[in-house]
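In what follows, a single structure is set out as structure tokens and then discussed.
The values are calculated or read from the model by the stated rules, or taken from the named source; none is laboratory data. Note that the structure is predicted; figures quoted are calculated from it, not measured. Here the Cβ positions follow ideal geometry from the backbone for every residue, glycine too, while neighbour counts run over all protein chains shown.
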Amino acid sequence: MQIPHIRDYQGKRIHMIGIGGSSMSGLAAMLIDKGYQVSGSDRSEGYLIGDVRAKGAKVFIGHQPENVHGADLVVFTGAAAADNPERVEADRLGIPSMERSFLLGQLMEGFPQAVGICGAHGKTTATSMLSQILVECGLDPSVHIGGKLDAIGGSTRIGKGEAFLAEACEFRRSFLQMKPTMAVVLNIDADHLDCYKDIEEIEETFGQFLQLLPEDGLAIGKGTDERIMRQMKKLHCAAETFGMTDDCDWHPVNLQEDEQGYAGYDLCHKGQILGHVKMSVPGDFNVENGLAALAAAHALGADMQRACESLSSFRGAHRRFELTDNIDGVEVFHDYGHNPTEMRNAVAVARKRCKGRLFAVMQPHTFSRVKSLFDEYLTCTELADVTVVTDICAAREKDPGDINSGMLVEGMKAHGVNAVWTPTFDDTEAYLRAHWQPGDLAITMGCGDINMLNEQIHKHEMEK
């Protein structure tokens, strides 16, 4: 089946199934800015729905066949299965359709510098860092990130410069629809095991993404990740490495960390000091994200002194270790981390900041992920004093009936983790308010709708 091309639908109506998703909402905004009419649907009101409505999109809540009536082209998220009623109706009416990743790849065409930033963790943060750096260095990039960044006024930006920056997501191999001239690989880790057989297949797919680079392209990869290095050695284009060790092309020198986990260092590139960075986001993993962004910025022509200054002022994208409240001396944070590695990183950062007891609030995401990474979930919050677990966020999946959060909590307790199951957000808020004290810190973690718990807590506090 021939894939339609967005350029053939200029000024026409594009209907987006799953418009409230982090990537889809950004693509919707980009299409509106380019003069397309946009409508869309989602299963529930999410925090990004208001943004696309404000841009002018007509959004339906719930997936109904009639929502696609009158559309000229349908774009659907990878989470919308073939039996989605709107996809079925579009097929019945002969309305052309394509998956989200094809649209992103088409929008990137024609840019001399097409940058795809991939990895199991850190894509949004590293892309946001690079976006802010290029904007503040005057390179006027176009950007598509899976989050909201104040420095670009949201999740997308249309610039006049030569670079288009985008997160390159491995879910369902969607990044293979891109045509990158530069690829940044942050890490290769086990995730999305609902669509991959094992970590070897994941590594092989990242290798296929790297193979999309032209001979005059550039690969930038984490030098201490054996899987990345194994794939980069197969390339015929230029390659650079970043990492915490001095055998990487880009690495920190004179690295120091304050008591809250904020690092400062001199940026070293192949033996030459190019500037000084004082991070405003905590954690070693953010030092690595920053090094990747600086390496890419250098290749894209940024002034490195200004780039270091820009990175030093980067305070994070929304939903990435974001402070949402301070209630009676208790700091409340939210983090998008949704697999065990990301949650472990978020808890480690929170532990350094926390003066009292640390409450780690986890919303496990998808039944398949909990099943495939079950053992890793059991200890990923071990640095917290209390782990509070909500019901699993089903997202795109149906409940198979053989896994639930109670099973996670029992497994955590067996590993010495102080864990409690609070199924609903109301249960969770009630537990936190009954137990936290001044000096404590609570962090909610997940990529589902757990951020709505933070909004609920804030709303109830304002109503007092």
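Just to verify a result, which residue in the range 416-428, among those that are farther than 14 Å from residue 360 by Cβ and of a type outside the set (Val, Ile, Thr), is surrounded by the most Cβ atoms within 10 Å (Cβ to Cβ)?
Residue satisfying both the conditions and the ranking: 425.
If we keep just the residues of the range 383-399 that are in contact with a helix residue (DSSP H, G or I) (Cβ under 8 Å, 6 or more places away or on another chain) and among the acidic types (Asp, Glu), which is surrounded by the fewest Cβ atoms within 10 Å (Cβ to Cβ)?
399
For the range 280-298: of the residues being assigned to a helix (DSSP H, G or I) and modelled with pLDDT under 95, which is surrounded by the most Cβ atoms within 10 Å (Cβ to Cβ)?
The residue in question is 286.
I'd like to verify a number: residues in the range 227-275 that are under 17 Å from residue 290 (Cβ atoms) and assigned to a strand (DSSP E or B), how many?
Qualifying residue count for the region: 21.
Looking only at the range 195-202, decide whether some residue is over 20 Å from residue 131 (Cβ atoms) and in contact with a Gly (Cβ under 8 Å, 6 or more places away or on another chain).
Within the range 195-202 (the criterion being over 20 Å from residue 131 (Cβ atoms) and in contact with a Gly (Cβ under 8 Å, 6 or more places away or on another chain)), the answer is no, since none of the residues qualifies.
Restricted to the range 414-442, and to residues that are aliphatic (A, V, I, L, M) and closer than 24 Å to residue 403 by Cα, which residue is farthest from the chain's Cα centre (by Cα)?
Step by step, filter the range 414-442, then rank; the result is 414.
Does the range 99-108 contain any residue that is surrounded by fewer than 23 Cβ atoms within 10 Å (Cβ to Cβ) and assigned to a loop (DSSP other than H, G, I, E, B)?
no
Pull out all pairs, ordered by first then second residue, where Cβ-Cβ is under 8 Å, the residues are six or more apart or on different chains, the first lies in the range 273-292 and is without any contact (Cβ under 8 Å) to a residue 40 or more places away in the chain and under 13 Å from residue 222 (Cβ atoms), and the second is part of a loop (DSSP other than H, G, I, E, B) and charged (D, E, K, R).
Taking only residues 6 or more apart or on different chains, not a single pair turns up.
Considering 301, 316, which residue is modelled with pLDDT under 95, within 14 Å of residue 131 (Cα to Cα) and either in a loop (DSSP other than H, G, I, E, B) or hydrophobic (A, V, I, L, M, F, W, C) (or both)?
None of the others qualify; the one that does is 316.
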